[in-house]
1. Take the residues of region 158-182 that are touching a helix residue (DSSP H, G or I) at 6+ places or on another chain (Cβ under 6 Å) and over 18 Å from residue 105 (Cβ atoms): which is surrounded by the fewest Cβ atoms within 10 Å (Cβ to Cβ)?
2. Just the residues that are in a helix (DSSP H, G or I) and exposed (fewer than 15 other Cβ atoms within 10 Å of the Cβ), please, taken from region 136-156.
């Protein structure tokens, strides 16, 4: 009694022809339908190199089209004739002079007043150093005497000055800028 050998795990492909009693598949020279090559390591098998099924399509060589050159009669970048140059508004003769170098800004004064009023920074900015020193003095005296409940009076005075500065700031900046402008005009003469 001859037994048929058990098929290998890769032999269960239904497209492969069945093995005969010797365990050999039918025609080993012909590949199984749907396969272009046999199995590696098997009799009659082996990986065949990939072959193009058809020759590649011929492509014509790339030729760059010529760039059209302008004739000598054309001058695409010719210089325009000179015309009367008119300066933009705000420049030229009769325009107002720019503000002097020491010009003070209301926004900067208010920012210094809001964030650094306790040291009188806005007063130093507006050229009032005596008032700036007064602010620093009230602040220091307020903190040194806060334990004796007298410091509250210094802080109250500082708060009143802070509110008065908030109201009078635009007028003070305007007056200072007029002084700076007058000094600049005197310096030019």
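Each reported figure results from applying straightforward, stated rules to the coordinates on display, with no laboratory input. Since the model is a prediction, treat every value here as computed from it, not as a measurement. In this analysis, Cβ positions are derived from the backbone assuming ideal geometry, glycine residues included, and neighbour counts consider all displayed protein chains.
1. Going through the qualifying residues, I end up with 162.
2. The first filter runs over region 136-156 and keeps only residues in a helix (DSSP H, G or I), leaving 136-144, 146-148, 151-156.
Once the filter is applied, which keeps residues that are in a helix (DSSP H, G or I) and exposed (fewer than 15 other Cβ atoms within 10 Å of the Cβ), region 136-156 yields 137, 140, 143, 144, 146, 147, 148, 152, 153, 156.
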